1. Going through the range 22-35 one residue at a time, which ones are in contact with a Ser or Thr (Cβ under 8 Å, 6 or more places away or on another chain) and either basic (Lys, Arg) or not in a loop (DSSP other than H, G, I, E, B) (or both)?
2. Just to be sure before I move on: is residue 5 open to solvent by less than 20 Å² (accessible area, probe 1.4 Å), under 16 Å from residue 116 (Cβ atoms) and not aromatic (Phe, Trp, Tyr) in the structure I sent?
3. Among the residues of the range 49-59, is there at least one that is modelled with pLDDT of 90 or more, part of a loop (DSSP other than H, G, I, E, B), surrounded by 13 or more Cβ atoms within 10 Å (Cβ to Cβ) and not aliphatic (A, V, I, L, M)?
4. Against the condition within 27 Å of residue 111 (Cβ to Cβ) and open to solvent by less than 60 Å² (accessible area, probe 1.4 Å), how does residue 46 come out, does it pass?
5. Test each condition in (1) within 19 Å of the chain's Cα centre (by Cα); (2) at pLDDT 85 or above for residue 203 and report the one that comes out false.
6. Considering only the range 165-178, how many residues are at pLDDT 85 or above and out of contact with any helix residue (DSSP H, G or I) (no Cβ under 8 Å at 6 or more places or on another chain)?
Amino acid sequence: MLRSLELRWFIKGILPTDIYQWFTDILPGNETFEEKPRSDYYLPTQSDDLGIKFSRQQLQVKIRKDKVNFTLNNNNIQGSLEYWIRYDWDDLHNKENTKIDKLYERFSSIKIYKKRLIRRYKILDNQLIQIPLSNPTDAQCSIEITEINMKEQAWSTLGFDWFLNDEIPESFIIDDYITNDETFNKTTKEVFNQYTDYKITKTPNSFGYPYFLKISNEGKYLYQM
């Protein structure tokens, strides 16, 4: 089980070059941050609080427990900060005997091709230290830029995850966490300190994948660069 706070924005099209430069050149650390491209298969749900997908030989189920409005005025950041719990199941099928696309077609899944850049961090001696992608268990937070292709349409997402340790009670309140947690406050300050001022980080485009799948299927408007 993985518990996390997530802050994410979607746009139609490609993110501005300045945001890529902020991610690649300004954020601290020299570790490799480009993942191998992959395709994930999402199952449509009737709830914005439930996400189900097949990804990297796993079935992943995510449940949204809470959300709050998040604002960082000095950096022009406004979004929906969501608390998610994720459950994973490995080795879903025999790769030698089952064609993966046929398996997902049985469940009327939506195929999303992803090309992702990701940086992972932890706080050490009050400093933000980048963690290699090969060592995800040591990370306290992550930042990602993902280019998406879904139904021959190009999208992009900018996302932030803060991973919650087991000592935090299930009944915790996000507002208290934002106020009191050292890791959250330190990483927020550092990663947004030199963030370029773009209006994609506004509340109307801030939500999780379940809602993104619903509104994109319905043809609703998303901000386009």
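1. In the first step, residues of the range 22-35 are kept if they are in contact with a Ser or Thr (Cβ under 8 Å, 6 or more places away or on another chain); the result is 22, 33.
Once the filter is applied, which keeps residues that are in contact with a Ser or Thr (Cβ under 8 Å, 6 or more places away or on another chain) and either basic (Lys, Arg) or not in a loop (DSSP other than H, G, I, E, B) (or both), the range 22-35 yields only 22.
2. Numbers: open to solvent by less than 20 Å² (accessible area, probe 1.4 Å): yes; under 16 Å from residue 116 (Cβ atoms): no; not aromatic (Phe, Trp, Tyr): yes.
For residue 5, the condition - open to solvent by less than 20 Å² (accessible area, probe 1.4 Å), under 16 Å from residue 116 (Cβ atoms) and not aromatic (Phe, Trp, Tyr) - is not met.
3. For the range 49-59, residues modelled with pLDDT of 90 or more, part of a loop (DSSP other than H, G, I, E, B), surrounded by 13 or more Cβ atoms within 10 Å (Cβ to Cβ) and not aliphatic (A, V, I, L, M): present.
4. Working: within 27 Å of residue 111 (Cβ to Cβ): yes; open to solvent by less than 60 Å² (accessible area, probe 1.4 Å): no.
Spelling it out, it is not the case that residue 46 is within 27 Å of residue 111 (Cβ to Cβ) and open to solvent by less than 60 Å² (accessible area, probe 1.4 Å).
5. Here residue 203 clears every test but (2).
6. Quick first cut of the range 165-178, residues at pLDDT 85 or above only: 174-178.
The next check asks that each one be out of contact with any helix residue (DSSP H, G or I) (no Cβ under 8 Å at 6 or more places or on another chain); those that pass are 174-176.
Of the residues in that region, 3 qualify.
The values are calculated or read from the model by the stated rules, or taken from the named source; none is laboratory data. Owing to the predicted nature of the structure, the values given are computational and were not obtained by experimental measurement. In this analysis, Cβ positions are derived from the backbone assuming ideal geometry, glycine residues included, and neighbour counts consider all displayed protein chains. Just the protein is used for accessible areas: all its heavy atoms, side chains included, with ligands, DNA and RNA removed. Shrake-Rupley method; radii C 1.70, N 1.55, O 1.52, S 1.80 Å.
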